[in-house]
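Remarks on the structure that follows.
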């Protein structure tokens, strides 16, 4: 007697990566939603080594593993397996190369001083300009001032590398001030603190000026000097500047052991973003974790935004952005879940740096009066959709199957291929622009194709779109009253058998909507429809606005 048994593995992990130092490697990944996943294990061994791989089982919801006791200067093959109850498993692979055994000595060398090039005074303020020293690890320039002969009581101002200018305000007219200016590097080493003396002008416009020694380093505007806190091996949440900046950082899992200092600085006077579509709507914050440049595992950053700066704009267009290291006017989108109640945006972060909340305003000439305008612009703000070079979106145009595969990737938490070859489809060239997206979607079980073909250039139908959506969301649809849900539409019986559950789920969840009492399951989906259903799905996942 032959009985059917489960041979389908659960979805493979996505975004698998590994970073290593001399004798350990941090492996991170993300999960697809899959109710059948029962166990996750990481296998690893030196490349070319004989024998079985070492392995470690990971708690089901944990998204990282710290592999310790590795050999220096060695390439390790790493495999993450996802098992179901029947023992079936999927896998994703990567490699990591450990560092050599030489350890760099501690950095104790101070940076060079800043060179003051100009001092300009008014009756109540003084502007100091300088050039930064050439030190590659320069972090900031600090300034402190007091009336000549008095004690320095104020906390120093911090100006980030690359700004080269600071305006001291709130000074008294016709008064001489002593200004100390010095530099600080990434390791916390400080230069000497030479002083310069400046005299403010009289209230009626008398003369004033100053000269002095170097001191400082860079960023356009002032900054409040930082607040700090400590994170122990267990991790935790830190709050800075009255709760306007919050950091949840993971623990070290015992790998580092000791508490680590976190310092946050509010950056004042940041220049307007170079991209005209972007606008700052929060303070700018720079935070650092001891001497580390990467987190042991992803953390969460929450920044409060200024609602007054939105002028009624759609909060779904808000996001957390990271400032480019070498250009204060350039920003990269990190992510963002908006909490309209608390007036803040949260994003997952993997490294310290300079962050802020920005709003992205993208518009398309052919969407001015279109029903999909708000949803399309919200997706464009997050980089999920874009228009054509002419500045139009073509909302009524068709969407190919390859285009929709790429469009659903944010539902999978994004990422690159997981080891499932796009070449499994005869009509997907390895160098196609969509090959990587297909590899990711195939590994997640979103794309299956028929007869070994994906048909990437074919327009996607509404029912095909529903099926890909349900697979991307990992929804269990067996308990739906499919006949009733589809029977409410005149053409419900025309939904293909393989798509009935997915379409029924789409209707019940509100992701799909009929038109004129019909579903039009075999009709080609439009660009506007595809964008709208993806946005609804992201909102249902809580990836756009915070669920209450």
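Length gained on full extension, residue 151 to residue 46: 31.7 nm, using 0.36 nm per residue less the C-alpha separation.
May I ask you to derive the FRET efficiency for residue 396 and residue 22 from their Cβ-Cβ distance with R0 = 56 Å, giving the value to the nearest 0.05?
Details: r = 58 Å, r/R0 = 1.03.
That gives a FRET efficiency of 0.45.
For the pair residue 118 and residue 233, label points projected 7 Å from Cα toward Cβ lie 5.4 nm apart. A Förster radius of 51 Å combined with the Cβ-Cβ distance from residue 368 to residue 66 puts the calculated FRET efficiency at roughly 0.45.
The stretch between residue 75 and residue 513, if pulled fully straight at 0.36 nm per residue, gains 152.5 nm over its current Cα-Cα span. Can you compute the FRET efficiency between residue 197 and residue 275 using 1/(1 + (r/R0)^6), with r the Cβ-Cβ distance and R0 = 45 Å? Round to the nearest 0.05. The pair residue 197/residue 275 has a calculated efficiency of 0.60.
For Rg and Dmax of the Cα atoms in Å, computed directly from the structure shown, the correct entry in (i) 29.1, 98; (ii) 28.2, 105; (iii) 34.0, 95 is (ii).
Let me make sure I get this right: for the range 115-212, a, b and c are the square roots of the gyration tensor eigenvalues over alpha carbons, sorted descending. Under 1.5 in a/c it's rounded, otherwise prolate if a/b > b/c, else oblate. Which is it? It is prolate, given that a/c is not under 1.5 and a/b is the larger ratio. Distance from the C-alpha centroid of the range 510-548 to that of the range 343-369: 22 Å, rounded to the whole angstrom. Cβ crowding within 10 Å ranks 155, 339 as 155, 339, fewest other Cβ atoms first. Using C-alpha pairs under 8 Å with a sequence gap of at least 6, the mean separation divided by the residue count of the range 225-360 gives a relative contact order of 26 percent. Which angle from 0 to 90°, rounded to the nearest 10, does the C-alpha axis of helix 500-509 make with the longest principal axis of the chain? Compared with the principal axis, the helix lies near 40 degrees.
For helix 527-540, what angle does its Cα long axis make with the longest principal axis of the chain, in degrees from 0 to 90 and rounded to 10? Once rounded, one gets 70 degrees. Fully extending the segment from residue 361 to residue 458, taken as 0.36 nm per residue of separation minus the present Cα-Cα distance, adds 31.8 nm. Please identify which residues in the range 267-290 have an amide N closer than 15 Å to a label point set 7 Å out from the Cα of residue 308, following the Cα→Cβ vector. Output list for this probe position: 281-283. With the simple model of a label 7 Å out from the Cα in the direction of the Cβ, residue 427 to residue 95 spans 3.5 nm.
Against the chain, whose longest principal axis is taken from its Cα atoms, helix 462-473 shows a tilt of about 60°. Remark: 322, 316 ranked as 322, 316, counting other beta-carbon atoms within 10 Å and listing the fewest first.
Could you grab the relative contact order for the chain? Cα pairs under 8 Å, six or more apart, rounded to a whole percent. After rounding, I find 10 percent.
Every number in this text was worked out from the coordinates using simple rules, so none of it is lab data. Note that the structure is predicted; figures quoted are calculated from it, not measured. Neighbour counts run over all protein chains shown; Cβ positions are idealised from the backbone, glycine included.
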